[in-house]
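Q: Dropping a structure here in structure tokens format, bear with me for questions.
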Amino acid sequence: MSKESLQPELWVDTYSDYFLYYTLSRVSDREVAKDIVSETFLAGLKSKANFEGRSTEKTWLTSILNRKIIDHYRKINSNKGQAEVKMNYAGEDQEGSWLEEQVANAGSTSADFSIENKELGEAILACLEQIHPKHAEIFKMKTLQNYDNDVICKEMGITSSNLWVIIHRARKALASCLDSSWF
């Protein structure tokens, strides 16, 4: 496909449904997904001169879409000061004890809390480096990147029951690591 064969006037009709469902499987919020798809089309229009024709129009737009999804998560994580991690640190069955509740919200103005929050984020990232690499990767895909279970299973070559075992083991390993290095 060449530069001349790009047809931006047909993108919405041709790709919007596919891109919306693709994005929904990664962000789980319909309005956010719609915004990301719109941003993708806009970015494609702005950079259509860069299209070299080495892939199909759909593949090229999908790569732009993937970068927009990544940008979305980077923005969320930078707003929070760190990645959100769903891990029960106080005990297996206690309500309201998930670690992300300890993450400062964007409106937090306390400098001490902000510093503590940054240190906790660094401790979490350091602990992720210490657990089994496959468990860390799957945990990041599920918790930080919000990948759909089916996508994770397919990419990592595991079953859905194995996914939950790995997530559980990663949480326990992170809890143990954080208990010794943070709490």
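Q: Among (1) at pLDDT 90 or above; (2) within 26 Å of Leu144 (Cβ to Cβ), which single condition is Ser25 missing?
A: (1)
Q: Pairs only if they're at least six apart or on different chains, beta carbon under 7 angstrom, first in the stretch 164-183 and at pLDDT below 90, second among the basic types (Lys, Arg); list them, first residue then second.
A: What qualifies is Ile167/Lys142.
Q: Another question, if that's okay. Inspect all residues belonging to the stretch 73-81 and state whether any of them is in contact with a helix residue (DSSP H, G or I) (Cβ under 9 Å, 6 or more places away or on another chain), part of a helix (DSSP H, G or I), modelled with pLDDT under 90 and among the hydroxyl-bearing types (Ser, Thr, Tyr).
A: Yes, there is a match, as at least one residue in the stretch 73-81 is in contact with a helix residue (DSSP H, G or I) (Cβ under 9 Å, 6 or more places away or on another chain), part of a helix (DSSP H, G or I), modelled with pLDDT under 90 and among the hydroxyl-bearing types (Ser, Thr, Tyr).
Q: Would you check which residues across the stretch 166-183 are surrounded by fewer than 17 Cβ atoms within 10 Å (Cβ to Cβ) and under 15 Å from Pro133 (Cα atoms) and list them?
A: Across the stretch 166-183, the qualifying residues are His168, Arg169, Lys172.
Q: For a quick check of your reading of the model, give me the residue pairs whose first member lies in the stretch 21-36 and is in the same structural domain as Asn66 (by TED's automatic domain parsing), whose second is among the polar types (S, T, N, Q) and part of a helix (DSSP H, G or I), with beta-carbon atoms closer than 6 Å and at least 6 apart or on different chains.
A: Close Cβ pairs (under 6 Å, with a partner that is among the polar types (S, T, N, Q) and part of a helix (DSSP H, G or I)) amount to Ala33/Thr23; Ile36/Thr23.
Q: Being at pLDDT 90 or above and among the charged types (D, E, K, R), is that true of even one residue in the stretch 48-55? Even if it seems obvious, please write down each step before you answer.
A: Filtering the stretch 48-55 down to residues at pLDDT 90 or above leaves none.
No: zero hits.
Q: Looking at (1) at pLDDT 55 or above; (2) at negative phi; (3) not in a helix (DSSP H, G or I), which is the one condition that is false for Ile152?
A: Checking Ile152 against (1) at pLDDT 55 or above; (2) at negative phi; (3) not in a helix (DSSP H, G or I), the one that fails is (3).
Q: Of all residues being surrounded by 16 or more Cβ atoms within 10 Å (Cβ to Cβ) and hydroxyl-bearing (Ser, Thr, Tyr) in the stretch 26-77, which is nearest to Thr143 (Cα to Cα)? Just the residue, please.
A: Tyr73
The values are calculated or read from the model by the stated rules, or taken from the named source; none is laboratory data. Only a predicted model underlies this, so the values are computations on that prediction, with no experimental measurement involved. Note: ideal-geometry Cβ built from the backbone for every residue, glycine included; neighbour counts use all protein chains shown.
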